[in-house]
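Throughout, read-outs are computed from the coordinates displayed, never taken from laboratory work. As the structure is a computational prediction, the values presented were derived from the model and not from experiment. Virtual Cβ from ideal backbone geometry, glycine too; neighbours counted across all protein chains shown.
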Amino acid sequence: MPIWLTIDKDSGVPIYLQIVDQVKHALEVGILQPGDQLPTVRQLGIDLTLAPNTIVKAYNELQDLGLIKSRPGAGTVVTANLNGALRAGQIAALFDRLHTLVRDAAGLGIDPAELTARWEADIQQCYGQQRSAAERAREEHGGGE
Amino acid sequence: MIDTVAPTDSTRAQAAAERPAIAIHNLVVQYGDRRAVDGLSFTVPAGAIFGFLGLNGAGKTTTIKTLLGFRAPAAGSAQVLGYDIVRDSQAIRARVGYVSETNSLYDQLTIPQIIAFCRATSRRWNGAIVDRYIRTFGLPPRARVGQLSKGMKSQLALSLALGGEPDLLILDEPTNGLDPLARHEVLNTLVREIAAEGKTLFFSSHILTEVEAIADWVAIIRDGRLVVCDELDHLKQTQRVLKLTYDQVPAPAEIAALQALPAVARVEQEGRGVRIVARGDVDALAQQLQGRPGGVRHVDAVNLNLEDLFLEYMKDSSEGQQ
């Protein structure tokens, strides 16, 4: 069973959706890449102790999204990275989460200045790290040549 | 309706795809004056892992016994694997694997004796499967049935039922009396031997977490009547709770207006908070409520697990009775 897949069976979120979302997430962060093999429906059903129909439903949806392809005999293969539309969906969902956070902060009566300060500190930290990692990679690459 | 030609694997698979494993139409079963099953109708698709749920005394065991021809229906009809439950009950019992709640195995027989007995009385027999699961479940291979614990007896009964390589396995409370590890082993065995092979599993249970863990279809019954029958994931998608927070305590007219909206099943109010049980297009309803005038501050959607869903349905039915 892929280690990036964890199903919470009594969370109330339909299980096939959990599988779809986690495959998308694995593609997003690069754990899964085009050409990678997904487990067969039968094997994943046994590994997760889950009705195979539920996995068929998840794989069908992923196939409709153009992310995987199942061929009889050849198994199920990842065919694409997250395309633009999916990425746009992920971004919209992220901004929704941001909105909820700000709303909850307002509900708690947090000072807007404090919220802004924290927000900027987080931006510094996360975007700064990403930049320095990219710089490091460039330097290392340059050094090897 | 008896097979005259031995069906090949492909024709059998084709037939299974078209024909439901079980079809029940307006079934009524009486115990004296009492209707234990009262106009029950639903269908079990071939290849499903189907959880049959209800409180104790709801009519689950009676339904199962009637499907296998152990009780006669007072009205209505049902087909199992295409066979009529009244006319063809012999054919049904020969083709369906069945493990009863009480596991009425012969206590004085040893395990090898009971295996020999089942082999002699079955249409098909795969001894290797039986031996494999007797080992998997850690059953003492030469013990007398009477010496086994309740959990071991149900594991033995399941191993024997799998030996007949049934296209449909019907289990009445299969994990009663099992510890969590043994329960996991049993559920995993069911997925491996039945569902992953494209066969159908129909099982009754009142342990909702285990049904949620493996089933893709569920039916809930109450007082011998169907409450709901649906794909479990579809049920979770179309039934959620929306929590509304108002700026001020909403007026009774607002509550009544909410109640009248489409997809609103029930409204409960506590101060500035309102809880809506929504059935149908929950996302559309949530969006509609977000933009609603009248001081709705925010709307949160809460997912329901099977236990929550079950309890909501039980609330519905008790309200219906009052």
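Along the range A:108-114, what does the Karplus equation 6.51 cos²θ - 1.76 cosθ + 1.60 (θ = phi - 60°) give for ³J(HN,Hα), rounded to whole Hz, x for Gly and Pro?
7, x, 6, 4, x, 4, 5
If you project the alpha carbons of the range B:157-306 onto their three principal axes, what span does each projection cover, largest first, in Å?
64, 29, 27
If you look at just the Cα atoms of chain B, how large are its Rg and its Dmax in Å?
23.2, 74
Name the long-range amide H neighbours of B:Ala48: under 5 Å, sequence gap of 5 or more, or other chain; modelled H, no Pro or chain starts.
The answer is B:Leu201.
Please compute the alpha carbon radius of gyration of the range A:15-78, then divide it by the globular-protein estimate 2.2 N^0.38 Å. Two decimals is fine.
In units of the 2.2 N^0.38 Å rule of thumb, it is 1.02.
Would you list A:Leu32, A:Leu101 from fewest to most Cβ contacts within 10 Å?
A:Leu101, A:Leu32
Give me B:Met314, B:Met152 sorted ascending by neighbouring Cβ count inside 10 Å, so fewest comes first.
Fewest-to-most Cβ neighbours within 10 Å comes out as B:Met314, B:Met152.
Note down the net charge around B:Gln290, summing +1 for each Lys or Arg and -1 for each Asp or Glu among other residues with Cβ under 15 Å from its Cβ.
Net of charged neighbours comes to 0.
Note down, for the range B:235-321, the three equivalent ellipsoid semi-axes (square root of 5 times each alpha carbon gyration tensor eigenvalue), biggest first, whole angstrom.
Three semi-axes, in Å: 21, 15, 11.
Anything over 26 Å Cα to Cα? Flag those among A:Lys57/B:Lys153; B:Lys65/B:Lys315; B:Lys150/B:Lys315; B:Lys65/B:Lys150; B:Lys65/B:Lys236, in the order listed.
The pairs that break the limit, which is 26 Å between Cα atoms, are A:Lys57/B:Lys153; B:Lys65/B:Lys315; B:Lys150/B:Lys315; B:Lys65/B:Lys236.
Gaussian network model of chain B, Cα springs within a sub-10 Å range: biggest mean-square fluctuation belongs to which of B:Ile134, B:Ile276, B:Ile92?
B:Ile276
Would you kindly work out the equivalent ellipsoid of the protein assembly as shown from its C-alpha gyration tensor and give its semi-axes, the square roots of five times the eigenvalues, largest first in whole Å?
47, 32, 20
Relative contact order of the range B:164-289, please, whole-number percent, based on alpha carbon pairs below 8 angstrom and at least 6 residues apart.
18
Taking only C-alpha pairs under 8 Å that are 6+ residues apart, what is the relative contact order of the range B:68-125 in percent?
About 25 percent, as a whole number.
Just to confirm a number: summing +1 for Lys and Arg and -1 for Asp and Glu over residues other than B:Arg93 whose beta-carbon lies under 12 angstrom from that of B:Arg93, what do you get?
+2
If neighbour count is taken as other Cβ atoms inside 10 Å, put A:Arg71, B:Arg71, A:Arg103 in order from fewest to most.
Ordered from fewest to most neighbouring Cβ atoms within 10 Å, A:Arg71, B:Arg71, A:Arg103 come out as A:Arg71, A:Arg103, B:Arg71.
In Å, what is the Rg of the alpha-carbon atoms in the range A:1-129, and how long is Dmax?
Both quantities, over Cα of the range A:1-129: 18.6, 60 Å.
How much net charge surrounds A:Val23 when only other residues with a Cβ under 11 Å from its Cβ are counted (Lys, Arg +1; Asp, Glu -1)?
Here the charged neighbours net out to -3.
Which ³J(HN,Hα) values in Hz, rounded to whole numbers, follow from the phi angles of the range B:237-254 under the Karplus curve 6.51 cos²θ - 1.76 cosθ + 1.60, where θ = phi - 60° and Gly and Pro get x?
6, 9, 10, 9, 9, 10, 10, 9, 10, 9, 5, 10, 4, x, 6, x, 5, 5
With a 10 Å cut-off between alpha carbons and a GNM built on chain A, which of A:Thr116, A:Thr49, A:Thr100 moves the most?
Taking springs between Cα atoms under 10 Å, the residue moving most is A:Thr116.
When only Cα pairs under 8 Å and 6 or more residues apart are kept, what is the percent relative contact order across chain A?
Value for chain A: 19 percent.
Roughly what % of Cα-Cα distances in the range B:132-199 sit above 14 Å, to the whole percent?
I get 56 percent for the Cα pairs in the range B:132-199 exceeding 14 Å.
Evaluate E = 1/(1 + (r/R0)^6) for B:Thr245 and A:Asn60, where r is the Cβ-Cβ distance and R0 equals 41 Å; express this FRET efficiency to the nearest 0.05.
0.60
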